[in-house]
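To start, the structure under review is shown below, and the notes come after it.
What follows is calculated from the coordinates using simple rules that are stated; it is not laboratory data. No experiment lies behind these values; they were computed from the predicted model shown. Here Cβ is always computed from backbone atoms with ideal geometry, including for glycine, and neighbour counts include all displayed protein chains.
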Amino acid sequence: MLYREAGDFSTTYREDNQTFPIRFDRYRYYAVMLIAFLVIPFFVNDYWVNAIFLPFLIYSIAALGLNILTGYCGQVSLGTGGFMAVGAYAVYKLMTAFPDISVLIHIVLAGGVTALVGILFGLPSLRIKGFYLAVATLAAQFFLVWVFNRIPWFYNYSASGQINAPERTFLGFTVTGAETKAWVAYLVCLVFVTISAIVARNMTRGALGRSWMAIRDMDIAAEIIGVNPLKAKLSAFAISSFFVGISGALYFSVYLGAVEVGEVFGINKSFLVLFMIIIGGLGSVFGSFIGAAFLVLLPVLLKNVLVGYFGWQTDVAAHLEFMIIGGLIVWFLIVEPHGLAQLWRLGKEKLRMWPFPY
Amino acid sequence: MPEQLFFTIEVILNGLMAGVLYSLVALGFVLIYKASGIFNYAQGVMALFAAMTLVGIMEGRIPFAHLINAILGTKIHHFGWHVNAVLALILTMGVMLLLAWLVQKVIFKHLVNQEGIILFMATIGLAYFLEGVGDLMWGGDIKMLDVGIPQGLNLWIDETTYNMFDYGFFIDNLDIYATVIAAILVFVLVGFSQYTKQGRAMRAVADDHQAALSVGVSLNFIWIMVWTLAGFVALVAGIVWGTKSGVQFSLSLIALKALPVLMLGGFTSIPGAIVGGLIIGVGEKLFEFAVGPLIGGATENWFAYVLALLFLVFRPQGLFGEKIIERV
Amino acid sequence: MLSTTEGYMTPDGRQIGGVVMEMKNITLKFGGVTAIEDISFDIHEGEIRAIIGPNGAGKSSMLNVISGFYIPQQGEVFFRGAKRAQLKPFEVARQGIARTFQNIALFEGMSVLDNVMTGRLTHMKAGIISQSLWRGPAEREETENREICERVIDFLEIQSIRKTPVSRLPYGLKKRVELARALASEPKLLLLDEPMAGMNVEEKEDMSRFILDVNDEFGTTIALIEHDMGVVMDLSDRVVVMDYGKKIGDGTPNEVRNNQAVIDAYLGVSHD
């Protein structure tokens, strides 16, 4: 009975354009933010942060980025892993080259570097479409991973070929390196996630977002009514890669601390993020979050239940996980192409009318 | 310097033979794409699955043994018999037929008239699912596959060329057999699609679903048929690759090799798949041979993709694809 | 035939201005097929100009040439007095030419309002930073353009479906939304590709009324393709008739109706 829009009128276009036009949604959003920033940091332990919160937050940014490109602009990319690698290696090079500058700035700059690389690999999108483009983005995936694997300059000629995040602090707290406290890492990622989500939401509801969606829904018509396809597609590639780069930078510097590129940023990572937005919802900011949460939680859950509780072998559980994820992808594409976010939206619409649906 | 020249020729020959195999995998893609508009990312995993099934049947493994053991606490693994290669091959073909039927029934029947890119993502889901099923069914270990194809250096070629040029060409028997098998299969498939009733129906469906329906072609039948054909092609590719380097996860990555072939040759063109495969096979071997050592090696991972990408930027419809006229 | 440079007065007393768009000797080929052969005609400011012809006459190709989607092999296009360079379609749109499509080309994944707002994209210039913060120019522009769109939405009487996803609308309404999207851009020249195809009589009447109102209230120049002869003759000020890629007639509905070539090719026996 709480969830009502009756009496909740928008009297200006500005009010109507809000992210949460319904008052109840707005309050819930404030409550979630409050809990995320002021309550959770005091209660989390290492296991929760490392197994759930950090991957969830970091993948959320990557999913947001890919969703802008694929969900909003309709350009399927299978190169997310490669672009995350660009973010990771960029932040590594920046951290080691300019140790005096704050690592948080480096992370943002790493996003910028990735955006440039994204534009470069987005150029073919002006000529080729659909799965030709999807396959073309695989070129980015393989080429980038190879570059970081084989060109020693990128890993500072370290003997192992790995990159390791040096210790850096922000406002006196250790942010990267082995000494990082769980709650600090959590908060850093949370800040990036919050800003990313707000920026993504603003971009997708305005002129830029509309030009992306127009390209996605019917590119020829979009061009004829005045969308510059070059600008729309490349901006989608750039902004998408910016987010993906930031997530790669965080994944390496704050979360893992050490990275071997082929293992961490391989093609499976590309698919994982793609699956997140399919399950969460293509073309939905909120969906990126649910998708990330779902695919971060599923393996943890399966492992705890099947291996921890039933005592199955880990590989059987892992194979089952593959089956479940694959099956879910197909199921969602058949039943609800807009993913969990759409289910949530439908649920809300029902709730709005409840208990008098007519 | 004839030595250098011969070495280059040898590289080209090896590239051609690798290329034939790429073509074979690419053909599986083209078949399904032409008839149903589905770009089947799962083709590679189908090859892996087919090879696993073949090994599993030959060695008399119990399907889902690990799962059964995990649930019931038993310790079963083998039936205790060995199946002859030919019989196992026929049984595996049966499994692939069943798989084709299931794929059509459970997945793509519900996705008719969806956009290509949605279908593509569905096949990525299928690939994951099938990978999980394969591992769960037959175990995730690396399996040896031996159906009687000879392997190792072909001594006759080595000796003959040594006598002629003073330089022995190193060519693997398996590669020769694989090339012959692939070439035969390519001919059979082309013949099938050109000269049989079903082949004609398949091309009709490829041209226009509605029109084909209206003259009494059963779409369902054709789709199951192409998935079965693709399954057989996957089986052959799986046998060749599995014999070469064991049946393991990396086998499914041959699909990734076939993708640039398709980009180069066009998704709808059978000759395109063949020529594209050869170009990529030779191209990547030559590039690795000539440029690889200068820039760190292992260029085979990406060369094909970058080549195809550059090519597409200049000719978006591929080598043999039709020119795209856009309409509104 | 009427003079093609000066304005003129229509029978119902509307003053028509000078030439807005002129097509000169346009020839368009697809491979070996000639879709348009050496056609010239003009469109005056404020008039409703129809292009008619049997199936395959090249009408849609003609519209595509005007909207810059096809580049003709020969011929020149003059828009508002200046020769048009080889422009990309979106640049043509920016010059003030908007259009609807024969097979509705709405953005199915977006709401009606968002679709109409895409018509304003050519007028929105806020930078990326401003957009990402939703502050300053971006927000101001959003509100200003929203007001213009709301006026169009009011005008076409689609207020109640403003937030409905386009994919849920019936055919007739989709056509209207498409018109709204084209109108939102405040075009100097509006191209309508079979605006009444597939409609029933009532829907056709509604659409005719909207077309006349658009022309009347905003003074928009309109060029349209239509199959329904009754509608064309009632709506338009002047008509171009095409057959097999050639122009076979040009003039007021009455002139065209009495043109022997047109009768032979198109209206033919029905006028016996």
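Could you give each residue of the stretch B:242-255 its phi-based ³J(HN,Hα) in whole Hz, using Karplus coefficients 6.51, -1.76, 1.60 with θ = phi - 60°, and x for Gly or Pro?
Values per residue, Gly and Pro as x: x, 5, 5, 10, x, 8, 8, 3, 4, 4, 5, 6, 4, 4 Hz.
Over 27 Å between Cα atoms: which of C:29/C:83; A:233/C:83; B:109/B:197 fall into that group? Let's see the in-between values first.
Details: C:29/C:83 21 Å; A:233/C:83 30 Å; B:109/B:197 23 Å.
Beyond 27 Å between Cα atoms: A:233/C:83.
Picking from C:58, C:18, C:230, which is most flexible by a Gaussian network model of chain C using Cα springs under 10 Å?
The residue that fluctuates most here is C:230.
Just list whichever of A:129/B:257; A:231/C:125; A:350/C:163; A:269/A:348 have alpha carbons separated by over 23 Å in the model shown.
Among A:129/B:257; A:231/C:125; A:350/C:163; A:269/A:348, the Cα-Cα distance tops 23 Å for A:269/A:348.
Summing +1 for each Lys or Arg and -1 for each Asp or Glu, what net charge is found among the other residues whose Cβ lies under 12 Å from the Cβ of residue B:129?
-3
In peptide A:201-211, how many Cβ atoms from other protein chains are near each Cβ within 10 Å, on average?
Mean partner shielding for this stretch: 6.
Going toward the positive end of the dipole of the protein assembly as shown, with +1 on Lys and Arg Cβ and -1 on Asp and Glu Cβ, which of A:252, A:49, A:162 do you reach last?
Of the candidates, A:49 comes out farthest on the positive side.
In terms of Cα to Cα distance under 16 Å, which aspartates and glutamates are near enough to residue A:93, apart from those fewer than 8 places away along the same chain?
A:167, A:260
What residue among C:159, C:131, C:73 shows peak mean-square fluctuation when chain C is described by a Gaussian network model with Cα springs under 10 Å?
The residue that fluctuates most here is C:131.
In deg cm²/dmol, rounded to 500, what helix-only [θ] at 222 nm does the protein assembly as shown give when every DSSP H run of at least 4 residues adds -39500 (n - 2.57) and the total is split over its residues?
-18000 deg cm²/dmol
Using Cβ counts within 10 Å as a stand-in for footprinting exposure, how do A:95, A:276 rank, fewest first?
By the 10 Å Cβ count, ascending, the order reads A:95, A:276.
So what's the stretch B:2-125 giving for Rg/Rh, alpha carbon basis, Kirkwood Rh from the mean inverse pair distance?
Details: Rg = 20.0 Å, Rh = 17.8 Å.
Rg/Rh: 1.12.
For chain C, find the longest principal axis of its Cα atoms and tell me its angle to the long axis of helix C:201-213, 0 to 90°, nearest 10.
The angle comes out near 80 degrees.
With springs only between Cα atoms under 10 Å, which of C:114, C:250, C:234 fluctuates most in a Gaussian network model of chain C?
C:234
Run the reach check for residue A:303 against aspartates and glutamates, Cα to Cα strictly under 13 Å, same-chain hits fewer than 8 apart removed. What comes back?
Straight-line reach from residue A:303, under 13 Å: A:315, A:321.
Please identify the longest segment of chain B free of exposed trypsin sites (Lys or Arg not before Pro), where exposed means a DSSP state other than H, G, I, E or B and no more than 12 other Cβ atoms within 10 Å.
B:76-322
To the nearest 20 debye, what is the magnitude of the charge dipole of the stretch B:2-250 about its Cα centre, counting +1 on the Cβ of each Lys and Arg and -1 on the Cβ of each Asp and Glu?
Roughly 1160 debye, rounded to the nearest 20.
Which whole-Hz couplings ³J(HN,Hα) result when phi for each residue of the stretch C:41-56 is put into the Karplus expression 6.51 cos²θ - 1.76 cosθ + 1.60, θ = phi - 60°, listed in order with x for Gly and Pro?
Ordered by residue, 3J(HN,Hα) equals 6, 9, 10, 8, 5, x, 9, 9, 10, 10, 10, 10, x, x, 4, x Hz.
Would you be so kind as to identify which of B:117, B:19, B:76 lies farthest towards the positive end of the dipole of chain B, taking Lys and Arg as +1 and Asp and Glu as -1 on Cβ and the Cα centre as origin?
Working it through, the farthest residue towards the positive pole turns out to be B:117.
Please list, in chain and number order, the residues 5+ apart from residue C:74 or on another chain whose amide H is under 5 Å from its amide H, with Hs placed from the backbone.
C:27
Can you bin chain A into rounded, prolate or oblate? Criterion: square roots of the alpha carbon gyration tensor eigenvalues sorted a ≥ b ≥ c, rounded for a/c under 1.5, prolate for a/b above b/c, oblate for the rest.
rounded
Any idea what the dipole of the stretch A:236-358 comes to, in debye rounded to 20, about its Cα centre with Lys/Arg Cβ at +1 and Asp/Glu Cβ at -1? Mind dumping the intermediate values first?
On the way: 6 positive and 6 negative charges, 103 e Å.
Roughly 500 debye for the stretch A:236-358.
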